[in-house]
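What follows is a set of notes on a single structure, which appears directly below.
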Amino acid sequence: MEVQAAFGYALHLAQAGGKHDQAKPLKGFGGAGVLEIVEDRQGDTYRAIYTVRYAEALYVLHCFQKKSVSGSATPPA
């Protein structure tokens, strides 16, 4: 629940026009307003990707638990 609460608070700030301290631009989108929040809990890493490019809405693009132990690769299931 801690990760959900952290992401929920960050998204609430974004809806109100603010930005969470841990929100950072996602690499590879060239300033397109795509942001990433990363939370580490009990040895696991969770990420939420969202965009604030559109004034009328906040779009959550993806939320996931990172499963690889190093780098950007995700091991097969």
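Only the coordinates and a few stated rules stand behind these numbers; no lab work does. Only a predicted model underlies this, so the values are computations on that prediction, with no experimental measurement involved. Quick reminder, even Gly has a Cβ in these numbers, built from the backbone with ideal geometry, and neighbours come from all protein chains shown.
Taking other Cβ atoms within 10 Å as a rough exposure proxy, 34, 60 sort from fewest to most as 60, 34.
Relative to the longest principal Cα axis of the chain, at what angle does helix 2-15 sit, 0 to 90 degrees, rounded to 10? Value to nearest ten degrees: 30. Positive-end ranking of 7, 31, 17 along the dipole of region 1-41, with charges on Cβ about the Cα centre, is headed by 31. Remark: relative contact order (region 3-66) = 25 percent; criterion is Cα-Cα distance under 8 angstrom and separation of 6 or more residues.
Could you work out [θ]222 nm for the chain from helices alone, using -39500 (n - 2.57) per DSSP H run of at least four and dividing by all its residues? Round to the nearest 500 deg cm²/dmol.
Helix-only estimate at 222 nm: -6000 deg cm²/dmol.
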